[in-house]
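First up is the structure itself, then whatever we jot down about it.
Nothing in this text is a laboratory measurement; each read-out follows from the coordinates by a stated rule. As the structure is a computational prediction, the values presented were derived from the model and not from experiment. We place every Cβ from the backbone using ideal geometry, glycine too, and count neighbours over all the protein chains shown.
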Amino acid sequence: MNAPFDPGLQPERTALAWRRTGLALLVGSFVAARILPELLGAWSALLGLTGVVIAGILLAMIHRRYRGHHGQLTTAGDRAPIAEGRLIAATAAFVFGGALVSIIVVIVLAVSGALGASLAR
């Protein structure tokens with residue numbers, strides 16, 4: 001690996017922040033895969049497992065993005081690469097989808113009365 005481009009390690013700090021975001025999404029997806037089947041039935045494990053797969057893909061994209069930008073920064077000199085919006089859009093879509101699924105789960109449980117029963121335990 002080449003020497004850091006920036007003495008303040010800004011690209012490295014940004015990459016670490018992206019990794020933390022990806023890992024948080026991965027852990028949240030594992031938790032959903034564990035909890036949803038108890039609340040909604042076995043089929044709902046697919047939602048959590050789908051989240052695990054998507055979070056894994058995002059982590060791979062994060063790593064690839066950092067390696068590409070680091071290579072460009074260390075070889076191109078002062079010419080900084082232009083950031084792409086695909087990773088940001090994919091992460092936002094994943095978070096939005098997870099929030100939408102969460103809202104639907106809460107509404108379904110509230111309507112079916114299972115939410116009150118599960119909270120009473």
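Summary table
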read-out: Gain in span if fully extended, residue 23 to residue 50, counting 0.36 nm per residue against the direct Cα distance; value: 8.2 nm
read-out: Which of 37, 50, 62, positive extreme of dipole for the stretch 10-120 (C-beta unit charges); value: 62
read-out: Length gained when the stretch residue 34-residue 112 is fully extended (0.36 nm per residue, less Cα-Cα span); value: 26.0 nm
read-out: FRET efficiency estimate (nearest 0.05) - Cβ-Cβ, residue 93 to residue 13, R0 35 angstrom; value: 0.90
